[in-house]
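The values are calculated or read from the model by the stated rules, or taken from the named source; none is laboratory data. Small disclaimer: the values here were computed from a predicted structure and weren't measured. Positions of Cβ are backbone-derived with ideal geometry, glycine not excepted, and every protein chain shown enters the neighbour counts. All accessible areas refer to the heavy atoms of the entire protein, side chains included, with ligands and DNA or RNA removed. Shrake-Rupley method; radii C 1.70, N 1.55, O 1.52, S 1.80 Å.
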Amino acid sequence: MAIVDVLSADNVLFRIFVTYCGILLIKMLLMSLVTVYHRFKNNASMNPEDVFFNKNFEVKLHDDVERTRRAHLNDLENIIAFIFISFLFILTEPNEIFASWLIRIAGITRIAHSFIYINQVRQPFRAICFYITYSKFGFDDQIINEEQSSEDQIRLKAIYRNKNPKFSKIKENLVRNFKPCKRDKNFIQIWTEADSWSKNSSNEIYPAFSPLMCQLLTALKEAPIIAAQNARRGTQLKLNITLIGNKTIYFKPAWYSRNQIIDGEVYSGKDRHNSEVFGFYLGAVLNMRWTSIAVGRSINLKEIFEVADKELQETVISKNNGSRLCVYGKCFYCKATEAVCGNRSHYLEGVFLYEIPGSIQKHKSPWQRTYKDGQRAQWENDDNYCHGVKQKLSHVRLLDLIDASIFDFLIQNGDRHHYETRKNRLLLLDNGKGFGTYYKDFNDILAPLYQCCILRKTTYARLLLFTGGALSEILKEMTQHDFLHPVITDSHFHAIERRLLKVFSMIEFCRSKYGNSIFQ
């Protein structure tokens, strides 16, 4: 993240830092007024000339006044250091939740310290407040050193941090391919031509450049819905929506707002519809055109009910005295108590996913998690795990899975327990578990890369085109016309840039062990 982004009002951690700095500075200024109050209360002055101002004043020391002065001096010694060290701390881009609580706790304990000092609360309470603040400084110093060490590793190659001169041309072509346009073909013509794309390729769903792409995206946003039913595929709520021209697509609803944080395991929570849209554009950028074509769109649940089959209609319920329509569908985890609801106009935001034609096979991922507390999978304990995988999978399949791990790591989609193939090539379907958090990276998503230490030359070359902030720049521009705009928050964009550097760092780790032979 650039310094200008770190020191931006869009950065939650910087806002917290500024807020607590302001609170502590005001508190430090108020300590002067508290000192004045005790001087007047106890008629104690430090200066002879003050006696002429108030006949009751005496030039003397008073314990209450001196105690307040010492508390004020303690603020001067510590709050300035707190501000300076905390400023350096946030420049290292630490874990946002951890760092924000450090700042909050240190700020609160400084206020508590003064209250305890002035009111003569017995020890060890004042000492506890003092050492909590200093412990915060210790954490800051340790993290600053760790982050600086990490930065030094990346800086070994400036090529990973600077923008690639070739980026401008690539950006121009990619953005042009996804710019909005008016349809000059009817819906049936668009569906037919789009279906032919994937029929002519093993795993690429759409071509790198096609004048039809913008028309297809427009058609998916505009085409009237003529039928709806439950989609049986997967474990979460999805609908099969039939558009005019007899084109079936999948609909995934919005369960969360863009700003909501999904804490816990990497697979926690329900699918994020915006992750599917972002994954589509990321796949285009990385030339991994193996994702479903995705667009954000709202559906009217009242209209859906009218065209739905009986099974789906039975899962549509009303809440708040009929003012809100909700749907829970039919799936493994679907239940009436967890229905998703439209707004007061019955509109429900979600994503349309273009159905991929052809026969699709499902396979268990070699890097599947156990999904059991305290129980680790073999790959999580065995550094030589990839040796066995190489004996079971073809070389092409393994390279596909490594590409997929990079794709998943960038969006933090750590729930690919199974993967799909068509004509023996991998597809990137079900990308909805991305963007649960922006402050934490689950590095084990990259296990296929760092355990196998091989990578396609073309993948590495493609990643190098989007260094120095270029990845966020192009994805912001490509996604700005989608209905869900902004598809992700700035905090998530910053996290993607951080993760891209980690990918490069992992590649360098492999190169340090095996040289350029890692590139296939």
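General observations
- Nearest-0.05 FRET efficiency for residue 108 and residue 361, computed from C-beta distance (R0 51 Å): 0.35
- Size descriptor, Kirkwood hydrodynamic radius, that averages inverse alpha-carbon separations across the range 220-355, Å: 15.5 Å
- Karplus-derived HN-Hα couplings along the range 106-113 (A = 6.51, B = -1.76, C = 1.60, θ = phi - 60°), whole Hz, x at Gly and Pro: 5, x, 5, 5, 5, 5, 4, 4
- Under 5 Å between amide hydrogens, built in the peptide plane, is the criterion, and for residue 230 it picks out 240, 312 among residues at least 5 positions away or on other chains.
- Remark: spin-label model distance residue 380-residue 512 equals 2.6 nm, labels positioned 7 Å along the Cα→Cβ axis.
- Relative to the longest principal axis of the Cα atoms of the chain, the long axis of helix 273-285 lies at roughly 70 degrees.
- Computed from the alpha carbon atoms alone, the convex hull of the range 397-442 holds 62 Å³ per residue.
- Degrees, to the nearest 10: 470-479 long Cα axis against longest axis of the chain: 60 degrees
- Rolling a 1.4 Å probe across the protein heavy atoms gives the range 389-467 an accessible surface of 30 Å² per residue.
- Proximal lysines relative to residue 166, as straight alpha-carbon distance under 18 Å, when same-chain residues fewer than 8 apart are discounted: 157, 457
- A helix-only calculation puts the chain at -16000 deg cm²/dmol for mean residue ellipticity at 222 nm, using -39500 (n - 2.57) for each DSSP H run of at least four residues, averaged over all residues.
- Entries of 310/364; 199/423; 221/310; 179/476; 199/364; 390/440 with Cα pairs more than 22 Å apart: 310/364; 221/310; 199/364; 390/440
- Taking every protein chain into account, the accessible area of the range 250-367 amounts to 43 square angstrom per residue (probe 1.4 Å).
- Here the 3J(HN,Hα) profile of the range 294-308, calculated from phi with Karplus coefficients 6.51, -1.76 and 1.60 at θ = phi - 60°, is 10, 9, x, 7, 9, 10, 8, 5, 5, 6, 4, 4, 5, 9, 6 Hz, Gly and Pro shown as x.
- Computed over the range 163-288, Kirkwood Rh from alpha-carbon pairs, angstrom: 16.9 Å
- In sequence order, the range 170-177 has phi-based couplings of 4, 4, 4, 5, 5, 4, 4, 5 Hz under the Karplus curve 6.51 cos²θ - 1.76 cosθ + 1.60, θ = phi - 60°, and Gly or Pro positions carry x.
- Label zone at residue 476 (point 7 Å along Cα-to-Cβ), backbone N below 14 Å, the range 84-110: none
- Solvent-accessible area of the chain (1.4 angstrom probe, protein heavy atoms only): carbon and sulfur portion equals 54 percent.
- Shown is the FRET efficiency for residue 318 and residue 163, computed with R0 = 51 Å from the Cβ-Cβ distance and rounded to the nearest 0.05: 0.45.
- Computing FRET efficiency as 1/(1 + (r/R0)^6) for residue 244 and residue 176, where r is the C-beta to C-beta distance and R0 is 30 Å, gives about 0.60.
- With the simple model of a label 7 Å out from the Cα in the direction of the Cβ, residue 7 to residue 257 spans 3.0 nm.
- Shape of the chain from the C-alpha gyration tensor: prolate (a/c of 1.5 or more and a/b above b/c, with a ≥ b ≥ c the square roots of its eigenvalues).
- Spacing of the two label points (7 Å from each Cα toward its C-beta) at residue 42 and residue 23, in nm: 2.9 nm
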